[in-house]
Amino acid sequence: MAIFGTQNVRTGMQVVGSDGTGIGSVKEVRENDFLVSRAMKRDLYVPFNAIGNVSDNTITLNIPSSQVDNMGWQSPPLMGTAGH
């Protein structure tokens with residue numbers, strides 16, 4: 001199984017679901033995720049472990065496009081929060 005991260009993802013790449021349906025394009029690459037800009041929908045912070053494949057200028061997620069809104073990716077994950 002391939003591991004994807006900042007070395008594989010760059011701004012401007014197209015993002016599609018495992019069903020091949022377009023989701024959006026990469027707006028920003030961060031340490032543990034990447035921001036996907038979507039037309040007429042809220043942007044998504046997609047974790048690298050959701051990538052199924054990267055080829056040329058396309059990132060294919062490991063879930064169908066119809067599931068992305070159910071993943072809780074509308075907000076960036078909280079990093080370094082204390083466990084109080």
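Restricting to region 42-68, name every residue that is among the hydrophobic types (A, V, I, L, M, F, W, C) and in contact (Cβ under 8 Å) with a residue 24 or more places away in the chain.
Correct list: L44, V46, F48, I51, V54, I59, L61, I63, V68.
Residue-wise test of (1) in a loop (DSSP other than H, G, I, E, B); (2) exposed (fewer than 11 other Cβ atoms within 10 Å of the Cβ); (3) at pLDDT 95 or above.
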| site | (1), (2), (3) |
| --- | --- |
| I3 | yes, yes, no |
| T11 | yes, no, yes |
| G24 | no, no, yes |
| A39 | yes, yes, no |
| N49 | no, no, yes |
| N53 | no, no, yes |
| V68 | no, no, yes |
| H84 | yes, yes, no |
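Is it the case that T60 is out of contact with any Gly (no Cβ under 9 Å at 6 or more places or on another chain) and of a type in the set (S, T, Y)?
For T60, the condition - out of contact with any Gly (no Cβ under 9 Å at 6 or more places or on another chain) and of a type in the set (S, T, Y) - is not met.
The values are calculated or read from the model by the stated rules, or taken from the named source; none is laboratory data. Just so we're clear, the structure is a prediction, and the values are computed from it rather than from any experiment. Neighbour counts run over all protein chains shown; Cβ positions are idealised from the backbone, glycine included.
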